[in-house]
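The values are calculated or read from the model by the stated rules, or taken from the named source; none is laboratory data. None of these values were measured; they are calculated from a predicted model. So basically every Cβ, Gly included, is an ideal-geometry build from the backbone, and we count neighbours across all protein chains shown.
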Amino acid sequence: MIVFNLGCEFGHRFEGWFGSAEDFDRQRERGMLECPVCGVKAVARLPSAPRLNLVTTGMAEPSGETSSPTPAANEESASRARMLAAQIAFYQHLRQMLERSDDVGERFAEEARRIHYKETPERQIHGVATREETAELLEEGVAVMPLPFIVKRKNELN
């Protein structure tokens with residue numbers, strides 16, 4: 001097995017395990033790979049440093065056996081895995097929310113007010129608002145959640 005550092009066109013980084021470099025190439029060509037964060041299929045290999053298992057003296061063990069990772073390295077690896085899992089869950093939930101809501105585009109502030117003041121039926125919406133519009137909505141008591149990235153289309157997060 002070989003582990004590659006991978007990334008999508010939006011900068012999300014993740015690992016992939018493959019039988020060989022050729023296996024990675026075949027899967028990519030067949031469209032079998034996708035970013036676990038945003039679902040984009042434009043996945044590429046990223047540069048990576050080789051992993052060297054060395055003993056504390058800095059020399060490889062003469063028997064050819066490798067040393068076990070330190071407890072600190074194990075904890076760091078587990079922490080990264082938990083953070084990646086949380087990020088993936090967040091983006092998957094956000095994608096589901098976007099699929100179930102109406103895109104009102106630049107009319108977001110206006111439409112959010114109309115819903116809040118019951119001038120139009122209540123429904124889930126998403127769109128674009130300036131920082132000032134968002135602050136005004138929050139001051140009025142309109143429940144909004146600013147997102148720290150751009151939603152280009154319903155299924156495309158950036």
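Within region 118-143, being farther than 21 Å from Leu98 by Cα and either touching a residue at least 12 places away in the same chain (Cβ under 8 Å) or in contact with a His (Cβ under 7 Å, 6 or more places away or on another chain) (or both) holds for Glu136, Glu140, Gly141. Residues that are assigned to a strand (DSSP E or B), aromatic (Phe, Trp, Tyr) and in contact with a Phe, Trp or Tyr (Cβ under 9 Å, 6 or more places away or on another chain) within region 1-51 comprise Phe4, Trp17, Phe18, listed in sequence order.
For region 4-28: of the residues being without any contact (Cβ under 8 Å) to a residue 40 or more places away in the chain and among the hydrophobic types (A, V, I, L, M, F, W, C), which is nearest to Ile88 (Cα to Cα)? Of everything passing the filter in region 4-28, Cys8 is nearest to Ile88 (Cα to Cα).
Can you tell me how many residues in region 22-41 are at pLDDT below 90, among the hydrophobic types (A, V, I, L, M, F, W, C) and closer than 15 Å to Phe4 by Cα? Result for region 22-41: 1.
So in region 1-15, with the set limited to residues that are under 10 Å from the mean Cα position of the chain (by Cα) and among the aromatic types (Phe, Trp, Tyr), which one is farthest from Asp25 (Cα to Cα)? Among them, the one singled out is Phe10.
Scanning region 69-117 for residues that are in contact with a Leu (Cβ under 9 Å, 6 or more places away or on another chain) and small (Gly, Ala, Ser), we see that the one that is surrounded by the fewest Cβ atoms within 10 Å (Cβ to Cβ) is Ala109.
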